[in-house]
Amino acid sequence: MNFIFGKGLFGRWIFAGRIGKGSKDNGRGEVLEYYPDQYAVYAYKSDGTRTAYFGSGSEQNVLSKLTFEITETGCGQCELVFKKLPSNTELNYMQRIDIHLYGDKLPWYSGYIVSRPVEGTTDQEYKFKGFGYYNTLESLFIFQTYENMDVGAIARDIAIKAEQNLGIVYNGTKIPNVGYVPAKLVFDGVTAKKALATLADFAIDYVFGVDEYRNLYFKPRDTKVNEQAHLTVGKHFASYSPTWDADDIVNWARIKGGNIDDAGERWLCVVEDKASQQLYGMRQDVWDLPEAYSAEDARRWGENQIARYKKPKKSAKVKNVNLEYPYPDGTFYVRHMSTDGQAEIRTLDGQLYTYPITKIKYTVSAKDGIKAELSLGEQPFSVDRYLAEIERNANALEQSQSSAIKQLKK
């Protein structure tokens, strides 16, 4: 494969100053120059050796289109479409890929291939599918009891296990102490994903995932407006579709834990929000938290859940976001947004709305260049959330049965 280096697309460059002011994301936005519509995909062996390069900088580019997603949990799904099938030595199952946009030396996405076309296919387009490394946490199971440890220390222990067993890079600076010490948490064969989700609830509104540097992070949710996400309808993007949904409100819940008392019960506490009940009526639910063995821990977790579900979900879709943004002095920079913080949307009638940034989806092609769309707030129906709830319920039943058996044996 031949390469052309040192040239911008159509002989043009975009020079930019520093972007992402205040960013703490290891150099996101630190590059000083960008190349319009340039994109590159690098493939690597497990030892870090680069095996192939595809993209707009190659002399004969066989990569016709790619899409990838950045979500609250880091790098999500991706799809690569080729006009010519790459060989297995170039791009194979479980192989790591990094995606770079606008000539940025730092990756915008890192993941691995889970599906590729089979040799001999008659298809005219060849689609490769992949996931970010957050997905690998599904295959790591935690069998451990943690007592009197800070939630952040537990998360770091799980991150070390992930580095030892998966292609994830441990970075302790991205997992700070929380300042809360649960009395006892028992993870009896739950996935690392599930364990981190439980810890995030105990930490009170923390987010976790694996970023484009393959670092596992566990950090407080940022509620400030993201500096890259001040957006105006008609100026920075073309399409804005908001939705309000009150179907899933919960403002009273009773919580079951992992401990069975002398009466054979697992109830630990009740949590509620009176203000929400006044506005929307009593909306009840029963929640399982088999990892918890104390009422104090269950109450902390439950109050965090109530805070999330006590009011209607507000969400929006924003399409055709303009990433190249001019400064008044004639220079340019490129929006490199993350899911940190909130997006501020100014509508055509001058109203301002803020939403958490849930997902950023990039679509890149030689024909149409680089496009982006945003999912904001909590979407009314999410397949990922639906499947996670099914898994959570199944795990809760299995763990509660296991707890009952253990205590009956005493």
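The values are calculated or read from the model by the stated rules, or taken from the named source; none is laboratory data. All of these numbers come straight from a predicted model, not from anything done at the bench. Cβ placement follows ideal geometry from the backbone for every residue including glycine, while neighbour counts extend to all protein chains displayed. Quick note on the areas: whole protein, heavy atoms, side chains included, nothing else; ligands and nucleic acids left out. Shrake-Rupley method; radii C 1.70, N 1.55, O 1.52, S 1.80 Å.
By a 1.4 Å probe calculation restricted to protein chains, D211 has an accessible surface near 20 Å², given to the nearest 10. Of the accessible area of region 202-290, computed with a 1.4 Å probe over protein heavy atoms only, carbon and sulfur atoms account for 46 percent.
The heavy atoms of K314 present about 110 square angstrom of accessible area, all protein chains included, probe 1.4 Å.
The gain in end-to-end length when the D329 to S239 segment is fully stretched comes to 29.6 nm, 0.36 nm per residue minus the alpha carbon separation. Per-residue SASA remark: M94, around 130 Å² accessible (1.4 Å probe; ligands, DNA and RNA not included). Compared with the alpha-carbon gap, the fully stretched path from S115 to E296 is longer by 60.7 nm at 0.36 nm per residue. Accessible surface calculations at 1.4 Å, restricted to protein heavy atoms, place region 277-326 at 52 Å² per residue.
What FRET efficiency comes out for the pair S64/R254, r = Cβ-Cβ distance, R0 = 41 Å, nearest 0.05?
Once the sixth-power term is evaluated, E becomes 0.15.
The 1.4 Å probe gives accessible areas that order T198, T89, T354, largest first, as T89, T354, T198. For region 50-191, the spread of Cα coordinates along the three principal axes comes to 59, 32, 23 Å, biggest extent given first.
Computed extension length for Q277-K45: 78.0 nm, one decimal, from 0.36 nm per residue of separation with the Cα-Cα distance subtracted. For K105 and Q144, the FRET efficiency from 1/(1 + (r/R0)^6), where r spans their Cβ atoms and R0 equals 41 Å, is about 0.60.
Please list F131, F82 from largest to smallest accessible area, probe radius 1.4 Å, with all protein chains kept in place.
Numbers: F131 70, F82 0 Å².
Solvent-accessible surface, decreasing: F131, F82.
The label-point distance for W267 and T89, in a model that sets each label 7 Å from Cα toward Cβ, rounds to 6.8 nm.
Checking the cross-link pairs K65/K129; K83/K371; K65/K235; K219/K319 against a 24 Å limit on the alpha carbon distance flags K65/K235; K219/K319 as lying beyond it. Reducing region 123-152 and region 287-328 to their Cα centroids gives an inter-centroid distance of 20 Å.
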